[in-house]
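A quick write-up on the structure given underneath.
What follows draws every value from the coordinates through simple rules; no lab data is involved. Being a predicted model, the structure only gives us computed values, none of them experimental. Neighbour counts run over all protein chains shown; Cβ positions are idealised from the backbone, glycine included.
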Amino acid sequence: MHPDEELRRLHWRAHHRGTREADMMIGGFFDAHAARWSQLERAWFTALLDEQDVDIMAWAIGTAVPPERFAGAAMTALQKLDYLKVAR
């Protein structure tokens with residue numbers, strides 16, 4: 001798959017999760033980080049998108065421990081939540 005096509009597919013999957021909260025969190029993470037991802041990081045995100053939104057969100061906000069396969073720098077970046085744009 002061409003890298004641009006892969007990014008478009010990941011963008012759509014990240015922004016169309018089923019709930020507004022998941023769209024904002026997972027889509028916001030994609031928007032903030034995807035441009036710099038290596039192929040390995042894209043594969044990590046692709047695998048993450050196969051997980052349930054409630055699990056991803058629990059891992060991100062720290063109410064559940066992510067599985068070892070998702071541990072590392074990318075999960076740490078997801079957990080920072082500094083990529084979310086919230087109106088104040």
(request) Would you indicate which of (i) 12.5; (ii) 15.6; (iii) 13.1 is the value of Kirkwood radius over Cα pairs in Å derived from the coordinates of this structure? (result) (iii)
(message) Run the simple label-point estimate for A43 and V86 please: 7 Å along Cα→C-beta, distance reported in nm.
(response) 3.5 nm
